[in-house]
Amino acid sequence: MTRQMAADYAKENIRFNALCPGFIDTPFNRGFEVQMGGREKLEEHIAGAIPMGRFGTAEEIADGIVFLASDRSSFMTGHALPDIFSSDQLSIRRSDA
């Protein structure tokens with residue numbers, strides 16, 4: 001959908017990008033904590049699944065949004081940013097995890 005919207009509106013200088021945040025430390029994770037058997041177990045999972053070995057923060061996501069909305073990304077359209085914030089697209093895992 002992001003790519004199609006970008007293609008449809010690029011000539012009008014309207015950009016479409018998406019931010020796919022992955023694991024961000026918010027109250028939304030409480031359900032995952034229960035499923036995993038507690039906060040420590042969830043953090044262990046995150047440490048092995050996310051290259052940075054930790055949750056992202058709301059501030060880090062806000063920085064990504066500011067970038068996408070700024071002139072610094074003026075030539076960027078039709079992209080989703082999952083790799084920056086999550087492991088969704090990664091096939092390589094940390095070797096120490």
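A few notes on this one:
- Total charge dipole magnitude, segment 2-81, about the Cα centre, Cβ charges on Lys, Arg, Asp, Glu only, Debye to nearest 20: 240 debye
- Sorting Arg15, Arg54 from the fewest to the most surrounding beta carbons within 10 angstrom yields Arg54, Arg15.
- Once backbone amide H atoms are built at 1.01 Å from N, Ala80 has Ala18 as its partners under 5 Å, excluding neighbours fewer than 5 places away on the same chain.
- Residue-by-residue Karplus 3J(HN,Hα) for segment 40-49, coefficients 6.51, -1.76, 1.60, Hz, glycine and proline x: 4, 5, 5, 5, 4, 4, 4, 4, x, 9
- Largest to smallest principal axis extent of the C-alpha atoms in segment 2-81, angstrom: 51, 22, 21
We did not get these values from a lab; they are worked out from the coordinates using the rules stated. No experiment lies behind these values; they were computed from the predicted model shown. Note: ideal-geometry Cβ built from the backbone for every residue, glycine included; neighbour counts use all protein chains shown.
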